[in-house]
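Since the structure comes first, as structure tokens, the remarks are kept for the end.
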Amino acid sequence: MPCTCCVVTLSQKSACHETVTQVDARPFLRQAGTIQHKLHFRVLFDQVCQSIFESNSFRDVWQTLLHAVAGWNPTIQRVFVEGETHYDITFQEQEDSPAVYRTVAIISDFAADAMTGRGTRVFKAYLRSLDGKSLSGPVNHVVIKDAWRDLDRDREDQILQKILNDIGQDKAEDAKKYFLTVLRAEDVSIKGGTDDTRQLLHGATTWGDCSWHDVWPDKEPSRRSHLSSVGHAPACLTRQGIPPAASANIQHKIHFRIVFKEVCQPIFELKSLRDVLETLLHAVAGLKFLHLAGWVHRDISVGNVLRHGNQGLIADLEYAKRTDSNQSHEVRTGTPDFMACEVEEQEYLFFPDPLGVTPPPGDQFRANRLHDLESLWWILMWVFHYHVDEQTSAISHDQEKLYRRLFSRGPGQTRLSSLIIPTKFHFVPQSLRAAATKVNFIRASLHAAYQAAELPSGLVLLEPYLACSEYVSKELRSAVAVSDVCLVPMDDMKKRKVAPELVEEKAGTQPPTKRNRP
């Protein structure tokens, strides 16, 4: 009989899942299912598969597994420095001249706790050796992203290069300042073979007859880390499984790593409202380069709008897509709390429909430029609903109620009315009110742009988008000029009032939740 995906919460994860989410553990256990109400684990073996099944000894089976786990991946080694655990990660783009980076901190590892997804970890590191020779001199820190992408998707550095090529040589240099600088990138190779799930499964396909069930994250994710600095990203960015249809194939994954030059702060960590607004202003400019080159980002959130020095940057291009592309996946990822309403509903919502006439044929729904701008607007909404002025420190009941309604939603709850009807920011302190009014101005511009773009004759996007993008930039510049407020997240302020010694220095501990969408 068909198997059904196991329904568990993250707090009920098995010890096996805890094991495979460690940094240097081999993902032998990849899938769990229930068959006739009995829980079975599908165990995947790598090179030792044949010898295990030829063995008649249960002890031999587990001994073989333990030996395999002990040194499964020569490209990452655990090392101890002054009593603390770090990792040496080797890039082998040229086998005769490997580059070894040593991690010094985990920037983000919350995604590795998720039951499904890319298993992303982000490290702060430095280049320790090149061509087998140790390096001396000043240490320049970089960022290493380690993740598993769908096998048929391009790597982020490859997508960025395609975007820059489409932007054109005359504008590419200006555009580069809004995106991360890639120093190295490669698909991980082990023993001459690519590290992917297709190889682990020996060519077998993934389950295609499984039912889908929501898996909701714990409110407080685990903070397991072998490094001195823990990745502080909240449960609300954890991706969750959403059924795309009655059934869907699970995409094969390939293991990759990228080294970025810039060590940034995500926007949810910024304490200065002026920095937040200026970072969003730069994001609008970066998106304009991307959009006019014929691309959409499709996953704008507080986790991938970054700040480096005084510059705002856009990250996570894995899901960026050409607007004329027909490639699609049965399951894709996103962040519902910053997702455009139309993308969440998977339909156009602003076509004029006075007589109940359906939208024009041929307009199959796809993400567009206005949706990326709306995601930036939702970031603004999150900032003003989730933060208070450190000087006033007052949290009104209305503010908390609105925040929970907009950003702690359950399945099936919609926020479309917030895009159509002005938000009343009566709960906002006087120090934030001038900037908060800009949120409603931008909302009105977005609403008007959607109405101008979705016509009875079909979609007309360019002119409404350009007008809206320019208006958003103007309002953000105006808000930057009047905003100099130190922000404190609502939940941190509550902790500070109850137990000041428990509050961390870093702000922004609860950005909203990622989950898979059709």
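Some observations on this one:
- Residue count, segment 271-312 (criterion: surrounded by fewer than 21 Cβ atoms within 10 Å (Cβ to Cβ) and part of a strand (DSSP E or B)): 3
- Out of Ala125, Ala172, sole residue that is closer than 21 Å to Thr323 by Cα and at pLDDT 95 or above: Ala172
- Val188 meets each of the listed conditions (1) modelled with pLDDT under 50; (2) touching an Asp or Glu at 6+ places or on another chain (Cβ under 6 Å) apart from (1).
- Selection of segment 105-118 for residues being at pLDDT below 85 and either of a type outside the set (Val, Ile, Thr) or in contact with a Phe, Trp or Tyr (Cβ under 9 Å, 6 or more places away or on another chain) (or both) yields Asp109, Phe110, Ala111, Ala112, Asp113, Ala114, Met115, Gly117, Arg118.
- Residues of segment 393-450 satisfying the condition of being surrounded by fewer than 17 Cβ atoms within 10 Å (Cβ to Cβ), among the charged types (D, E, K, R) and not in a helix (DSSP H, G or I): Arg409, Lys424
- Complete set of residues in segment 67-97 that are modelled with pLDDT of 90 or more and assigned to a loop (DSSP other than H, G, I, E, B): Thr75, Glu82, Gly83
- Of the residues making up segment 367-392, those that are of a type in the set (Asp, Glu) and surrounded by 23 or more Cβ atoms within 10 Å (Cβ to Cβ) are Asp372, Glu374.
- Restricting segment 124-146 to residues that are among the small types (Gly, Ala, Ser) and closer than 21 Å to Asp187 by Cα, the residue that is surrounded by the most Cβ atoms within 10 Å (Cβ to Cβ): Ala125
The values are calculated or read from the model by the stated rules, or taken from the named source; none is laboratory data. These numbers were taken from a predicted model, which means no experiment stands behind them. Here Cβ is always computed from backbone atoms with ideal geometry, including for glycine, and neighbour counts include all displayed protein chains.
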